[in-house]
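The values are calculated or read from the model by the stated rules, or taken from the named source; none is laboratory data. None of these values were measured; they are calculated from a predicted model. Every residue, glycine among them, receives a Cβ derived from its backbone with ideal geometry; neighbour counts consider all protein chains shown.
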Amino acid sequence: MSKIEAKEIFNGKVEFLYSINNPEQFPSYHFPEIAFIGASNVGKSSLINSLVQKKIAITSNTPGRTKQLNFFKLFGYKDGFIMVDMPGYGFARDSKKNIAHWQNLSLNYLANRKNLKKVFLLIEAQKQLKDHDRDIIKFFNIYSVDYQIILTKIDKLNRADQIQILEKIEKELSMLIHKKPKIIATSASGKYGIDDLQNEIIKLLLNL
């Protein structure tokens with residue numbers, strides 16, 4: 001599929017469907033789902049908004065603003081597909097009880113959701129891999145979750161540092177997942193890598 005067609009899909013109609021707070025609320029339908037997860041303040045909501053060229057996900061400088069699973073339907077491909085904005089992990093300004101609840105909700109979704117076709121794990125380029133990133137990767141491996149790494153805020157690094165950090169992350173990931181990972185470097189503010197991510201999603205849908 002060409003970049004023009006991918007752009008038409010992602011720049012088309014997007015509809016908010018649900019905010020899910022409990023596993024019992026997971027919707028029953030046939031639409032394929034792709035999900036986005038990462039540490040708090042990794043730039044997840046900004047990336048989602050850049051993908052669809054609309055402000056559908058709430059952005060904030062306060063860690064932990066996304067506290068539910070937010071489901072959005074995109075209509076441009078066949079009869080549609082779903083993007084899921086997941087709560088971040090790591091530090092958040094909320095009670096331990098609430099944090100534990102939404103993190104358990106996320107793990108339940110990741111381990112058991114049959115509609116889920118791929119998870120995009122967001123890693124901030126400057127911060128590189130942290131322990132909570134490694135923990136979620138191990139979880140993916142245990143539960144056979146199909147995932148791909150997306151580097152965010154790549155524009156905060158100069159070109160030489162981008163190459164060095166990318167190589168470092170690839171090396172560590174290859175030890176965690178036992179194969180060379182495919183990483184997409186992005187910048188939501190600079191629109192860098194957005195086309196690549198759009199096309200990666202379309203390629204996934206075409207192969208379902």
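Taken over the stretch 1-57, the residue count meeting the criterion of being in contact with an Asp or Glu (Cβ under 9 Å, 6 or more places away or on another chain), among the aliphatic types (A, V, I, L, M) and without any contact (Cβ under 8 Å) to a residue 60 or more places away in the chain is 3.
Look at the stretch 170-204 and say how many of its residues are of a type in the set (A, V, I, L, M), within 25 Å of Lys138 (Cα to Cα) and either in contact with a strand residue (DSSP E or B) (Cβ under 7 Å, 6 or more places away or on another chain) or not in a helix (DSSP H, G or I) (or both). Residues flagged as of a type in the set (A, V, I, L, M), within 25 Å of Lys138 (Cα to Cα) and either in contact with a strand residue (DSSP E or B) (Cβ under 7 Å, 6 or more places away or on another chain) or not in a helix (DSSP H, G or I) (or both) within the stretch 170-204 amount to 7. Residues that are farther than 19 Å from Val119 by Cα, in a loop (DSSP other than H, G, I, E, B) and touching a Lys or Arg at 6+ places or on another chain (Cβ under 7 Å) within the stretch 1-58 comprise just one, Ile58. Considering the stretch 50-79 alone, what residues qualify as being out of contact with any Leu (no Cβ under 6 Å at 6 or more places or on another chain), under 16 Å from Leu17 (Cα atoms) and at pLDDT 85 or above? Selection gives Val52, Lys54, Lys55, Ile56, Gln68, Leu69, Asn70, Phe72, Leu74, Phe75, Asp79. Kindly indicate whether any position in the stretch 4-20 is over 20 Å from Gly80 (Cβ atoms), out of contact with any His (no Cβ under 6 Å at 6 or more places or on another chain) and not hydrophobic (A, V, I, L, M, F, W, C). So far as the stretch 4-20 goes, no, none of its residues is over 20 Å from Gly80 (Cβ atoms), out of contact with any His (no Cβ under 6 Å at 6 or more places or on another chain) and not hydrophobic (A, V, I, L, M, F, W, C). Might you check whether a residue that is over 27 Å from Phe31 (Cα atoms), among the basic types (Lys, Arg) and either in contact with an Asp or Glu (Cβ under 8 Å, 6 or more places away or on another chain) or at pLDDT 95 or above (or both) occurs anywhere in the stretch 177-195? Yes, the stretch 177-195 contains a residue that is over 27 Å from Phe31 (Cα atoms), among the basic types (Lys, Arg) and either in contact with an Asp or Glu (Cβ under 8 Å, 6 or more places away or on another chain) or at pLDDT 95 or above (or both).
When the residues of the stretch 153-169 are filtered to those that are surrounded by fewer than 16 Cβ atoms within 10 Å (Cβ to Cβ) and touching a residue at least 24 places away in the same chain (Cβ under 8 Å), the one that is farthest from Gly88 (Cα to Cα) is Lys168. Only one of the listed residues (Val119, Val145) is under 23 Å from Phe72 (Cβ atoms), in a loop (DSSP other than H, G, I, E, B) and touching a residue at least 12 places away in the same chain (Cβ under 8 Å). That residue is Val145.
Taking (1) among the acidic types (Asp, Glu); (2) out of contact with any Leu (no Cβ under 7 Å at 6 or more places or on another chain); (3) without any contact (Cβ under 8 Å) to a residue 60 or more places away in the chain; (4) surrounded by 12 or more Cβ atoms within 10 Å (Cβ to Cβ) in turn, Glu172 satisfies each apart from (2). Only residues that are within 18 Å of Ile149 (Cα to Cα) and touching a Leu at 6+ places or on another chain (Cβ under 9 Å): list them for the stretch 101-126, please. Passing the criteria: Ser106, Leu110, Leu116, Lys117, Lys118, Val119, Phe120, Leu122, Ile123, Glu124, Ala125, Gln126. Here is the figure for the stretch 95-146: residues that are among the hydroxyl-bearing types (Ser, Thr, Tyr) and modelled with pLDDT under 90 total 1.
Every listed requirement among (1) exposed (fewer than 14 other Cβ atoms within 10 Å of the Cβ); (2) of a type outside the set (Lys, Arg); (3) within 18 Å of Asn199 (Cβ to Cβ) is met by Ile150 save one, (1).
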